[in-house]
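Taken together, the values in this text are just the output of simple stated rules run on the coordinates, not laboratory data. These figures come from a predicted structure and were not determined experimentally. Reconstructed Cβ throughout: ideal geometry from the backbone, glycine too, with neighbour counts over all protein chains shown.
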Amino acid sequence: MTDIEIRPLQLTHLDSVLDLGHRAFDVNSMPYTSWSLSSVAAHWDAQPDACWIARDDEGLLGFVLGSLSYDEREDWGYLEWIALEERARGRGVATALVEHCCDVLFAAGASRIITDVESGNTASAAMMRRNGFTEKVTVTLFVRPNPQEQPGAGAHSPQDPARSRLRRAARTTQGRARPHTGTA
């Protein structure tokens, strides 16, 4: 077994992190989010010391992305993204990543750390419980589909909504808000 190294996320890790995230996350199960470069950048810009990777001699084993502030609660940390390569499972990699991220968020002033796990992902839910997280559901997401749409038609735009929001925000802060043209 090779040694496992936990390191802060660096630019050189970005391609591997994006690739693993695309393979690991089913964004169709959580319609309010998406996995993209914008997803990584938002956490890395906000709280780079809460973004970690694990690697061994073969390369990337996994990553975690966190940030201080959850919605309007600046005293809550958010562990939003964690993913592992198959070969990393059962080796304590997820626990090491969670601990590094949580240590930084608590040190930065978080009174608690929030994470969410898709309801069918029992392995991730069990891992979070082993790492001191408890279920505290306060909201249930209700969905009403448009009866005029064909099932599956237009359910998910291939355009990254996070990227669109980021670009609109950049244009607005530059004082030149322009109408959205439909291209990212």
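To the nearest 20 debye, what charge dipole does the stretch 8-128 have about its Cα centre, counting +1 at the Cβ of each Lys and Arg and -1 at the Cβ of each Asp and Glu?
My answer is approximately 220 debye.
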* To do: Counting other Cβ atoms within 10 Å, keep those with at most 10, restrict to DSSP loop, and tell me which GluC sites (Glu not before Pro) in the stretch 59-125 are left.
  => Glu72
* Got the relative contact order for the stretch 34-84 handy, in percent, Cα pairs under 8 Å and 6 or more residues apart? -> 27
* Asked: Sorted by mean Cβ packing within 10 Å, highest first, what order do the peptides 6-14, 128-136 take?
  -> 6-14, 128-136
* Structure fact -> So for the stretch 1-111, using the alpha carbon gyration tensor with a ≥ b ≥ c as root eigenvalues (a/c under 1.5 gives rounded; past that, a/b versus b/c decides prolate or oblate), I'd call it oblate
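So what is the relative contact order of the stretch 64-153, in percent, for Cα pairs below 8 Å that sit 6 or more residues apart? The partial results should precede the final answer.
Working: 83 pairs, mean separation 23.7, N = 90.
In percent, rounded to a whole number, it is 26.
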* **Relative contact order (percent, whole number), the stretch 1-108, Cα cutoff 8 Å, 6+ residue spacing** => 27
* Residues in the stretch 81-95 that a label on Arg112 would reach, taking backbone N under 19 Å of a point 7 Å out along Cα→Cβ -> 81
* Structure fact -> Net charge (Lys, Arg +1; Asp, Glu -1) of residues whose beta-carbon lies under 15 Å from that of Val137, Val137 excluded, is 0
